[in-house]
Amino acid sequence: MKIQILDKSKKKKFIAGIENFGIKKIPELLIRTGKERIRAYSGNFSTDEIWDIWRILPIEGIGLYVGKDSVNRHGVREVRLSLDGLHTWKEQINKDIFVLTKNQEKEWFEGKNVSFTENQKKEFGEEISFVAVKSSDRKDFVGTAKIGDKGETLYGFLPKERRRKGQA
């Protein structure tokens, strides 16, 4: 698999895609693996050293998977942070934070889509975008989700291995 180390302009474009969270600067080196996966690398290797290693031993993944930069089925560019990306830059994230209620949190961890409360409908409106999702105790990020259905549903991207099994 070919890797692509993002230059300054491509890195700015990625940062512009996640600006809605309040992220302004990413100190790590960003690397694209595959068509849409973005990884952050903060080690001691320079760009040239990474390429030298890749020529000898093709690296499939270097750094931490922090997000996805893709084009959706409607041709619109979307940038979505992974859970690791949220935790990597959590000090910078101060906007577009969706706090789950206890009941919503239960549904979220079962992998279900979450319906908004009336207050959440007022806060987020009909804007369709990605939000950082926090647990009901407001202490930790639990994932990234997309607002849909005219501001009434939260579509989660919780991987299956992180889901709880529903109670019978």
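Quick look at the numbers
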read-out: Per DSSP, loop trypsin sites (Lys or Arg not before Pro) in the range 86-168 with at most 12 further Cβ within 10 Å; value: Lys95, Arg138, Lys139, Lys150, Arg164, Lys165
read-out: Point-charge dipole on Cβ atoms (K/R +1, D/E -1) for the chain, about Cα centre, debye to 20; value: 200
read-out: Helix axis angle, 8-17 relative to the chain longest principal axis, alpha carbon, degrees; value: 10
read-out: Gly67 long-range amide H proximity, modeled H, under 5 Å; value: Ile38, Ser82
read-out: Loop-located trypsin sites (Lys or Arg not before Pro) in the range 9-84, at most 15 other Cβ atoms within 10 Å (DSSP); value: Lys24, Lys25, Lys35, Arg73
read-out: Length added when fully stretched, Asn94-Val71, from 0.36 nm per residue minus Cα-Cα; value: 5.7 nm
read-out: Acute angle (nearest 10 degrees) that the helix 47-56 long axis makes with the longest principal axis of the chain, alpha-carbon atoms; value: 80
read-out: The range 3-88, relative contact order in percent, only Cα pairs under 8 angstrom and at least six apart counted; value: 26
read-out: Of Gly85, Gly143, Gly43, the one that fluctuates the most in a GNM where the chain has Cα springs shorter than 10 Å; value: Gly43
read-out: 23 Å Cα-Cα threshold exceeded, pairs from Lys90/Lys146; Lys12/Lys134; Lys12/Lys68; value: Lys12/Lys134
read-out: Exposed GluC sites (Glu not before Pro) absent - longest run of the chain, DSSP non-H/G/I/E/B, at most 16 other C-beta within 10 Å; value: 61-90
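Read-outs throughout are calculated quantities, based only on the coordinates presented, and are distinct from any laboratory measurement. Every value quoted in this text rests on a predicted model; they were computed, and no experiment measured them. Heads up, the Cβs are rebuilt from the backbone with ideal geometry, glycines too, and the neighbour counts pull from every protein chain shown.
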